[in-house]
Amino acid sequence: MVNLVVLSSQTHRNVRIAATLSSSGDAAVNAVSVIPREFARLLAHYPIFFTKSPETGQFEPAALLGFEHHENLFLMDGRWDAAYVPLQIQRQPFSLIPRHGGAEGKEAALDVALDLDSPHIQTQQGERLFLNDGQPSKFLQSITSMLSALVSGSTEAYAFTGRLAELNLIEPVRIDIEFVNGSETKLQGLYWIAAAGLKALPAAQLAELRDREFLEWMYLQMASLAHLSALVARKNRLLSGATAARP
Amino acid sequence: MAPQAESQPVRKILVVGGGTAGWITAGVLASRYPRRGEEGISVTVIESRQQPPIGVGEGTWPTIRATLKQIGVTETDFLRECDASFKQGSHFVKWVDGSDADAYYHPFTLPVGYEERNLAPYWLENPRGQRFAASMCFQTDVCSHALAPKQITTPEFTGLANYAYHLDAGKFGPFLQKHCIDKLGVTHLYDEIVRVESKEDGDISQVVTKSGEVLAADLFIDCSGFSSLLIGKHFGVPFLSKKDVLFIDKAWAVQIPYPTDDAAITSATMATAQSSGWVWDIGLTTRRGVGYVFSSGYMSDEGALQELKNYLSARGDLSRDLSFRKIDINSGYRQEFWTRNCVAVGLSAGFLEPLEASAIVMIELSAKSIANLLPSCRGGMQQAARLFNDTFRYRWERIVDFLKLHYVLSRRTDSRFWIDNRARESIPDSLRDGLEYWRDHCPWHEDFSHREEVFSAASYQYILYGMGFQTYPAPWLLNDRERNLAREKMSEVAQYAKALAASLPGNRDLLSKVRRYGLQKI
């Protein structure tokens, strides 16, 4: 469960955040929503698809991390097995929530909140949030800028996917995978860029996509799909390791 | 017919009258045969400005989704602009004996296993204390919790359960009008027809308008509503009244505001039986539409109004500022619908009481048939007309049968209206034969002769068994394989209903989200 409270330099003066990632915690997801500004860094490791937000039905870019519900193949013995960790994972256990009693309709002011039930929260080890004088630590400052990057990034992401959907440049994809042990999986609810649609796009719209940086993001995304086979290989290694370990 | 007349191409279509009928027909034709300059088919709609919509056609059938998709509108725009909500069937209250527990559903989703086998006999054999629809279809649960048939992530025009819409007919026409003009190249003018001119052979050659325009066409589609300008007034095709079968001939209609902005929106049309008819209750996003359809032979206007007020007051919906509108209903249809180069669609073709919402679906079917039958030249029109007339006469007859079924199966004895409805001479032979046959045989595809039935065997099963009709199939026609299949399927229904109840949003929740975010096309 999530138990969000607004972060306070008084109440949380001595809280520390451990980098531990647990296979039952927040990171136990098979896909994580990402923002276009991190595509270039994600490109080194993850296939980036689109998924639909269960809240709004809008498309959002997401990095695929595993094939089953809660299966994160990048999570190995409490650490992340890739040089770049998606911001949505890095920011845990923090988030931004609308300020209580904020004016309705206006751009709501946001507060940094902390999930008190997160296993990241420690008192003995890990990064401190506040210095002795109550000033935010370097660590907290980096979290805060990450959170605001996610907020503006998500606005950009929706503008990006919204326009792509309007231009019919997003299509559903069905991927059937057979693993080394013979088990099969069908990936559902994933979408990617309609390459044929992009090829046939009139020059004016192509120019618009280029000017808004969307074209660059699309190509990064298309290139990232090469990592799908790497992800399958990751799972296969795990499966054959598990098989070998059996007597 | 002269050879030149025979080879006259059919390219110019004039739709007389806007409204739901005119604009659906124009939209279906214009989207099916996209405009190609002077080469292709041209569709023109002429409508008069002061023609308020009748406004009772607020319920649709699931066919409407394919029709809207064909016309090329998005589901998001449609839902937003027509204040539409999701309709997943009908809920009949107090139709059987009038007791408090008397209620059953006619859901849009087919009974379980329907694609493979007729499992109704096995429900009859062992209902396990469950009603027919609840045993055979997960959708009754979805409806009783006022849930939506889909999620915000479900693409446009698809659902986890079969669905149609409730819509504001006053907004639907203008919505389609705009799309037809802007996107489909339909020509439109506001004017009134003052004269219809004929050729020597009797075909309509042109119509002359109040402002002096002369509109010639190869095919005229009469969507002029009850005034039946062409099919009735010009051609004098007789109207066949069905008043002796369906007694309803009047209605009181009223619009009810929601008490709060987040009040639940019912997922089914509620039809509650009264002493001399029944009350419809339909939830749109902005208001409810409620009305009492009754038979003037059994109830005065004042008496009916009082009964409607009682219905509202029992729900806490009666207030002083409600305005009640009286509507006349003349149940019946034309002897033929397509005569010479004129075909009638909508109220000009016929109208039956709004039970089971057949009005809009008949418009869709007519528009589709016209598009499919449309001959290249005038010479082919006679055959097209014959086929159209045969099909639609059959369809109107089947709808009359199906509506009458609801009254024939009632056991209410509280008024002459209900008792007389069961009088043998008021029941069409075709329905009597069906009822006789269904004594030992559960309705199935072969019982109906057309490929595309308005009301399929599934609908008959829902009404017959919803109303407690008993069929006694011979034991040697049943077998263990199907019996086991029925048991499995029924337990799947229960599980699926539970799973959906946990994952589907409320009707209101989803409609608000659609308003805010829209639905994706894929």
Study note, to complete from the structure: Considering residues that are modelled with pLDDT of 95 or more and either under 30 Å from B:GLU425 (Cα atoms) or exposed (fewer than 15 other Cβ atoms within 10 Å of the Cβ) (or both), the number found within the stretch B:234-262 is 17
Exercise for review: Return the residue satisfying two criteria in turn: it lies in the stretch B:504-522 and is facing chain A (nearest Cβ under 9 Å) and not polar (S, T, N, Q), and of such residues it is surrounded by the most Cβ atoms within 10 Å (Cβ to Cβ).
Suggested key: B:VAL514
Check your understanding: Only one residue in B:SER449, B:SER459 is of a type in the set (Gly, Ala, Ser), more than 14 Å from chain A (Cβ to nearest Cβ), within 27 Å of B:LYS368 (Cβ to Cβ) and touching a strand residue (DSSP E or B) at 6+ places or on another chain (Cβ under 9 Å). Which one?
Key -> B:SER459
Check your understanding: From the residues in the stretch B:152-171 that are of a type in the set (Gly, Ala, Ser) and at pLDDT 95 or above, which one is nearest to the chain's Cα centre (by Cα)?
Key -> B:ALA164
Check your understanding: Given the conditions (1) surrounded by 15 or more Cβ atoms within 10 Å (Cβ to Cβ); (2) outside any helix (DSSP H, G or I); (3) away from chain B (no Cβ under 14 Å), which single one is not true for A:MET218?
Key -> (2)
Exercise for review: Could you look through the stretch B:366-380, keep only residues that are closer than 11 Å to B:LEU219 by Cβ and part of a loop (DSSP other than H, G, I, E, B), and pick out the one that is nearest to the chain's Cα centre (by Cα)?
Suggested key: B:LEU374
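Under the condition of being under 20 Å from B:GLN382 (Cβ atoms) and not basic (Lys, Arg), which residue from the stretch B:197-217 is surrounded by the fewest Cβ atoms within 10 Å (Cβ to Cβ)? Spell out the reasoning first.
In the first step, residues of the stretch B:197-217 are kept if they are under 20 Å from B:GLN382 (Cβ atoms); the result is B:198-205, B:217.
Subsequent filtering for residues that are not basic (Lys, Arg) retains B:198, B:200-205, B:217.
Details: B:SER198: 14, B:GLU200: 8, B:ASP201: 12, B:GLY202: 10, B:ASP203: 19, B:ILE204: 24, B:SER205: 16, B:ALA217: 22.
For the stretch B:197-217, the residue satisfying everything is B:GLU200.
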Exercise for review: Name every residue in the stretch B:324-346 that is buried (at least 24 other Cβ atoms within 10 Å of the Cβ) and aliphatic (A, V, I, L, M), in order of residue number.
Suggested key: B:VAL343, B:ALA344, B:VAL345
Exercise for review: Might you check whether a residue that is assigned to a helix (DSSP H, G or I), within 14 Å of chain A (Cβ to nearest Cβ) and on the phi < 0 side of the Ramachandran plot occurs anywhere in the stretch B:493-503?
Suggested key: yes
Check your understanding: If you check A:GLN88, A:GLN92, which single one turns out to be assigned to a helix (DSSP H, G or I) and either under 23 Å from A:SER118 (Cα atoms) or within 14 Å of chain B (Cβ to nearest Cβ) (or both)?
Key -> A:GLN88
Review point. Does B:PRO354 meet the test of being assigned by TED's automatic domain parsing to the domain that holds B:ALA26, at pLDDT below 95 and assigned to a loop (DSSP other than H, G, I, E, B)?
Key: yes
Check your understanding: For the stretch B:463-483, which residues satisfy the criterion of being in a helix (DSSP H, G or I) and either within 14 Å of another protein chain (Cβ to nearest Cβ) or in contact with a Phe, Trp or Tyr (Cβ under 9 Å, 6 or more places away or on another chain) (or both)?
Key -> B:ILE463, B:LEU464, B:TYR465, B:GLY466, B:GLU482, B:ARG483
Review point. Any idea how many residues of the stretch B:8-35 are assigned to a loop (DSSP other than H, G, I, E, B), surrounded by fewer than 21 Cβ atoms within 10 Å (Cβ to Cβ) and at pLDDT 90 or above?
Key: 5
Study note, to complete from the structure: The residue that is surrounded by the fewest Cβ atoms within 10 Å (Cβ to Cβ), considering only those in the stretch B:398-440 that are outside any helix (DSSP H, G or I) and of a type in the set (S, T, N, Q), is B:THR413
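Within the stretch A:173-196, can one find any residue that is part of a helix (DSSP H, G or I) and modelled with pLDDT under 95?
Checked the stretch A:173-196: at least one residue is part of a helix (DSSP H, G or I) and modelled with pLDDT under 95.
Here's the yes/no breakdown for (1) modelled with pLDDT of 90 or more; (2) outside any loop (DSSP other than H, G, I, E, B):
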| residue | (1), (2) |
| --- | --- |
| A:ALA19 | no, no |
| A:ALA27 | no, no |
| A:THR51 | yes, yes |
| A:ALA83 | yes, no |
Point to revise | Qualifying positions in the stretch B:381-415 - within 18 Å of the chain's Cα centre (by Cα) and among the acidic types (Asp, Glu) | key: B:GLU397, B:ASP401
Review point. Restricting attention to the stretch A:142-158, does a residue exist that is in contact with a Leu (Cβ under 8 Å, 6 or more places away or on another chain), at pLDDT 95 or above and in a loop (DSSP other than H, G, I, E, B)?
Key: no
**Study point:** Those residues of the stretch B:172-192 which are assigned to a loop (DSSP other than H, G, I, E, B), closer than 21 Å to B:GLY40 by Cα and over 27 Å from the mean Cα position of the chain (by Cα), in sequence order
**Key:** B:GLY185
Practice item. Name every residue in the stretch A:178-207 that is away from chain B (no Cβ under 14 Å) and of a type in the set (S, T, N, Q), in order of residue number. Key: A:ASN181, A:SER183, A:THR185, A:GLN205
Check your understanding: Filtering the stretch B:122-151 down to residues that are of a type in the set (A, V, I, L, M, F, W, C) and more than 26 Å from the chain's Cα centre (by Cα), which residue is farthest from the other protein chains (Cβ to nearest Cβ)?
Key -> B:LEU124
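The values are calculated or read from the model by the stated rules, or taken from the named source; none is laboratory data. From a predicted model like this one, the values you see are computed outputs, not experimental measurements. Counting neighbours? That spans all protein chains shown, and the Cβs are built from the backbone with ideal geometry, glycine included.
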